[in-house]
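Novice: My structure is below; once you've seen it, I'll send some questions.
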Amino acid sequence: METFELRYFLGVARTENIHRAAEDLHVSPGSLSKAISRLEEELSVKLFSRDGRNIKLTEHGRLLQLRASQLIQLEEATRLELAGAKGTIHVHIAGSEMILAHWGLRLSETIKEGHPRAQFEYQSTDEKTAWERVERGEAHVALTTDHVPVGRGLSSKVIGEATFKTFVGGGHPLRKRKTVSVDELLTHSFVSTNRPLFGKVGAGPSLDGWRDDKFPRRVDYLTSSQKVLEQVVTSGKAVAYLPDYLGLDLGLVAVEVLGCPFVCRQKIKLVVRNPKELTWLDWS
């Protein structure tokens with residue numbers, strides 16, 4: 001087995017789609033198919049079951065996926081031990097788009113300090129899928145705000161915290177106000193999300209953490225797109241309830257809401273399968 005063949009296999013295993021993996025790896029679909037065929041011939045097993053254009057990992061394929069990721073990590077760790085900071089590593093970070101855009105970049109900057117030649121791939125997905133990808137060896141680390149189940153061979157630690165605040169953008173009537181009563185706030189339009197862009201946000205019914213069961217809002221803008229949400233609030237068209245780091249990244253103004261006792265808070269967790277194998281990651 002060649003290292004490049006294992007990398008090709010892992011790319012196909014992650015997507016279960018030859019053409020999508022070819023785009024991600026910047027190689028031709030034919031090169032990937034040949035690499036998979038060579039591995040299957042050498043190991044005398046079928047790594048994928050085929051049904052027309054669709055492919056699925058077999059049980060043998062799942063086992064190789066785990067072992068191949070371990071071998072690739074060992075190869076990279078060995079190279080780093082010998083080459084030091086001059087060695088190249090390819091770090092795969094999985095998580096929700098919102099968390100990757102802030103915490104994923106912060107993690108990358110930290111890794112870059114010790115390994116300037118590190119390269120990063122950000123895998124945007126829901127939080128459960130993120131740590132499942134780490135479990136299967138499809139990603140080195142995951143960033144999540146959700147509970148990580150025990151007994152799955154995963155390790156996690158808190159790397160940051162977020163507090164949700166009420167933010168407004170340029171031109172909004174509340175932009176020059178430091179405080180506002182919750183009754184007055186609820187007369188303004190809100191923008192919110194119809195999918196969990198922010199991760200786990202507590203027991204309330206809203207996907208952005210606001211307690212609509214206690215303080216119902218007028219949500220005039222509802223979106224599944226982070227970009228659209230950002231555009232609506234930064235343009236001053238609506239109020240948004242956002243994690244503090246996102247509001248600050250966007251240059252928004254936080255308004256203190258009087259009369260509302262509820263606050264959504266999150267812990268940002270870094271999840272890995274075996275931190276000792278990731279010699280480039282500071283787990284202290």
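Novice: State all residues of segment 251-261 that are crowded, with 16+ Cβ neighbours inside 10 Å and either assigned to a loop (DSSP other than H, G, I, E, B) or modelled with pLDDT under 95 (or both); if no residue qualifies, say none.
Specialist: 252, 260
Novice: Among the listed residues 191, 219, 134, identify the single one that is in contact (Cβ under 8 Å) with a residue 60 or more places away in the chain and of a type in the set (A, V, I, L, M).
Specialist: 134
Novice: So, residue 36, is that one over 22 Å from residue 123 (Cα atoms) and either touching a residue at least 12 places away in the same chain (Cβ under 8 Å) or β-branched (Val, Ile, Thr) (or both) or not?
Specialist: Against the criterion (over 22 Å from residue 123 (Cα atoms) and either touching a residue at least 12 places away in the same chain (Cβ under 8 Å) or β-branched (Val, Ile, Thr) (or both)), residue 36 qualifies.
Novice: Pick out, from segment 172-230, the strands (runs of 3 or more DSSP E) lying fully within it that include 1 or more residues that are touching a Phe, Trp or Tyr at 6+ places or on another chain (Cβ under 6 Å).
Specialist: 189-193, 218-223
Novice: Given the conditions (1) within 23 Å of the chain's Cα centre (by Cα); (2) modelled with pLDDT of 90 or more, and given that residue 16 satisfies all but one, which numbered condition is not satisfied?
Specialist: Residue 16 satisfies every listed condition except (2).
The values are calculated or read from the model by the stated rules, or taken from the named source; none is laboratory data. Here the structure is a predicted model, which means the values were calculated and not measured. Positions of Cβ are generated from backbone atoms using ideal geometry, with glycine treated the same way; all protein chains shown enter the neighbour counts.
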